[in-house]
Amino acid sequence: MYLSFEQLTKRYGEVTALQDVTFGVERSEFVSLLGPSGCGKTTTLLLLAGFEQPTSGRILLEGRDLSELPPEKRGVGMVFQHYALFPHMTVAENIAFGLVHGVTKRFSRSEAMSRVDRLLDMIDLAPLRKRKPAELSAGQQQRVAIARSLAPEPRVLCLDEPLSALDALLRERLRLEIRRLQRELGLTVLYVTHDQEEALAISDRVVVMNQGKILQIGTPWEVYDRPATRFVAGFIGKGSLLDGEVVATGGQIVFKVTSGAKMAVPADCWCGASPPRAGHRLGVLLRSERVRVTLSNDEDGRSDSSRLGLSGRLEEVEFLGAQCRLQISGPAGNLVATAPAAEIGAWQARLGSKVTVFCRVDDVRLVPW
Ligand code: ATP
C-alpha cells in the first residue's frame, strides 16, 4: 500500500477526535473522507501533513513512518476551503512560491517558471497570470490554490472541503477539473468532504466516518448499494430507512416492520458483517429510485414473494427537475419515492390520497441497527 494509516488515535484532552483509524490508499488513487461535521476528517489530514501528532498509531508513506519527518519533508500538499493566496503576489508568483522559496528548494528559477506555465495551462488560467488574487473570481482563486499545491509535485495531495465556499454550479465544474487533473498527473488524493454526492461523484473509494471512527470503506457503488450500518444507509443517498426486527433467518431473512407487517427477502439483502439473529433490530432501506408508488385503498399486506408493499398517505410532492419526489407517511414509517417528472401534476392532484409503495424483494437492503 502506498499510504497507510495504522490504528491512528488522536485525543485533544477529553475529546477523542480519531479512534483506531486504519485504512490504506493506493498510488494514484482518489480517496474521499466523508462524514458529518466533527467526525475527524480534518484531523486525519493534519496528522498526515504533520501539523498535529497522533496520540497513538502511525502513518506510513511508501513504507516510511512519517513521524520521522517534519511537515515540509513529508511531500504532502494541502488545499483548504479558504484558499490562503498571497494577496500582493500575482497568480504566477503564487504558484511559483513553493518552488523557489520552499524549504526543499528543488527547482531552479527557470525550471520553476516552466512548471508554472504548464500548471497555468492545466487550470486554464494562463491569460490571467499577471492578476492579483483580488482580481479573480472565487472559483479562479481556488484553482490557483490547487495549482500552487501541485507545483512542488506532492506525493499526496490533501484537499479539505476545497469547494464548499463556492456556488453549486461552480462546485460541479471544479470537481470535474480536479478529477481530470488527478487522472492526468496520476496524483494520489485524499479529499475531505461532508457532501455525499460530491464524494460519490469524484472518488475511487470512499471512507465513511462518524465520531472519530471509520464505519465503511468501499467504492462509491458499494457504500451506496450495500451500506454497512444504519448510519451509512441514512447518510448516503436518498431512501426510506425503516425500523425493523429480525423474525427468522435461514435461506431467507424474515423481518417485521413497526406496522407489524412481516416480509421475507433473500439472505444477500443483508449488508452487515456478521449474520443477523432473530430478535435483533435492523434498518430496512428502500432506495427512493427502486420503489414504485400506486394509488390504493389497501392497508399493509400487499406483499408477495417477489415484492414488498407498504401502505401510506401521500403527504408531499417535490419537483426536482429531472424527477419528482413523493413523501409518504404510513404505519411502517416515512417513505420516499421518486417518480418521472412528467407525472408531477398527477401526483400533486393526489396529495392526501392513500398509496402503496412497492419494492422488489431483491432491491431491499437490510442493515445493522
Ligand atoms: P468539519 O467537517 O466540521 O471540519 P471534521 O470531520 O473535519 O469536521 P475535525 O476537525 O477533525 O472534524 O474534529 C474532530 C473532533 O476533534 C471534533 O469534535 C473537534 O471539536 C475536535 N477538535 C479538533 N481540533 C481540536 C483542538 N485543537 N482541540 C480540541 N478539540 C479539537
- Message: What FRET efficiency comes out for residue 37 versus residue 254 if R0 is 41 angstrom and r is the Cβ-Cβ distance? Round to the nearest 0.05.
- Response: 0.60
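With a 1.4 Å probe and all protein chains left in place, how much accessible area per residue does the chain have, in Å²?
Here the per-residue accessible area is 46 Å².
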- Message: Check which residues have an amide H placed less than 5 Å from residue 158's amide H, if you skip close sequence neighbours.
- Response: 77, 78, 79, 190
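From the square roots a ≥ b ≥ c of the eigenvalues of the alpha-carbon gyration tensor of the stretch 3-42, which class results: rounded (a/c under 1.5), prolate (a/b over b/c), or oblate?
oblate
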- Message: Can you compute the radius of gyration and Dmax for the stretch 35-187, using only the Cα atoms, both in Å?
- Response: 15.9, 48
- Express in Å², to the nearest 10, the accessible area of residue 47 obtained by rolling a 1.4 Å probe over the protein heavy atoms while all chains stay in place. 0 Å²
- Note on the structure: Diffing the stretch 232-242: the Karplus 3J(HN,Hα) column from phi (6.51, -1.76, 1.60, θ = phi - 60°), in whole Hz with x for Gly and Pro, holds 4, 4, x, 7, 10, x, 10, x, 9, 10, 9
- If you take the charge dipole of the chain about its Cα centre, with +1 on Lys and Arg Cβ and -1 on Asp and Glu Cβ, which of 352, 296, 168 is farthest toward its positive end? 168
- Query: Over the chain, what is the percentage of antiparallel beta bridges among all DSSP beta bridges, to the nearest 5?
  - Reply: 80 percent
- Cut-off 19 Å, label 7 Å out along Cα→Cβ of residue 22, residues of the stretch 188-209 by amide N: 206-209
- Message: Nearest 500 deg cm²/dmol is fine: what mean residue ellipticity at 222 nm does the chain get from its DSSP H runs of n ≥ 4 alone, each adding -39,500 (n - 2.57), divided by its residue count?
- Response: -7000 deg cm²/dmol
- Query: Counting only protein heavy atoms and using a 1.4 Å probe, what share of the accessible area of the stretch 17-133 belongs to carbon plus sulfur, as a whole percent?
  - Reply: 51 percent
- By the Cα gyration tensor axes a ≥ b ≥ c (a/c under 1.5 gives rounded; else a/b larger than b/c gives prolate, otherwise oblate), the shape of the stretch 203-346 is oblate
- Set of the stretch 36-57 residues, backbone N closer than 18 Å to the point 7 Å along the Cα-Cβ line of residue 84: 42-53
- Message: Calculate log10 I(q)/I(0) of the stretch 289-369 for q = 0.11, 0.24 Å⁻¹, where I(q) comes from the Debye formula with a single equal point scatterer on each Cα and nothing for solvent.
- Response: -0.28, -1.16
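With a cut-off of at most 15 other beta carbons within 10 Å, and DSSP calling the residue loop, which GluC sites (Glu not before Pro) in the stretch 51-139 qualify? Please list them.
In loop regions of the stretch 51-139 (DSSP not H, G, I, E or B), the sparsely surrounded GluC sites (Glu not before Pro) are 62.
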- Those trypsin sites (Lys or Arg not before Pro) from the stretch 145-239 that are DSSP loop and have at most 16 other Cβ neighbours within 10 Å turn out to be 155, 238
- Using the alpha-carbon atoms, what tilt in degrees (0 to 90, nearest 10) does helix 109-122 show relative to the longest principal axis of the chain? 30 degrees
- Enclosed volume per residue, in Å³, of the convex hull spanned by Cα atoms of the stretch 137-262: 147 Å³
- Violations at 29 Å Cα threshold for listed pairs 41/132; 262/354; 238/354 -> 41/132
- Query: Beyond 19 Å, what share of the Cα-Cα pairs of the stretch 1-67 remains, rounded to the nearest whole percent?
  - Reply: 27 percent
- Task: Mind telling me which of 66, 285, 136 comes out most flexible in a GNM of the chain, alpha-carbon contacts under 10 Å?
- Result: 136
- Build a GNM of the chain with springs between Cα atoms under 10 Å: which of 276, 227, 127 gets the top mean-square fluctuation? 127
- Task: Using only Cα atoms, tell me the angle between helix 91-100 and the longest principal axis of the chain; keep it within 0 to 90° and round to the nearest 10.
- Result: 70 degrees
- Could you pull the Cα extents of the chain along its three principal axes, largest to smallest, in whole Å? 77, 48, 35
- Query: Setting aside same-chain residues fewer than 8 positions from residue 10, which aspartates and glutamates have a Cα under 15 Å from its Cα?
  - Reply: 20, 52
- Over what distance in Å are the Cα centres of the stretch 160-224 and the stretch 24-76 separated? 16 Å
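The values are calculated or read from the model by the stated rules, or taken from the named source; none is laboratory data. Treat the numbers as computed from the prediction; the structure is a model and nothing was measured. Every residue, glycine among them, receives a Cβ derived from its backbone with ideal geometry; neighbour counts consider all protein chains shown. What goes into the accessible areas is simple: the full protein's heavy atoms, side chains included, and nothing from ligands, DNA or RNA. Shrake-Rupley method; radii C 1.70, N 1.55, O 1.52, S 1.80 Å.
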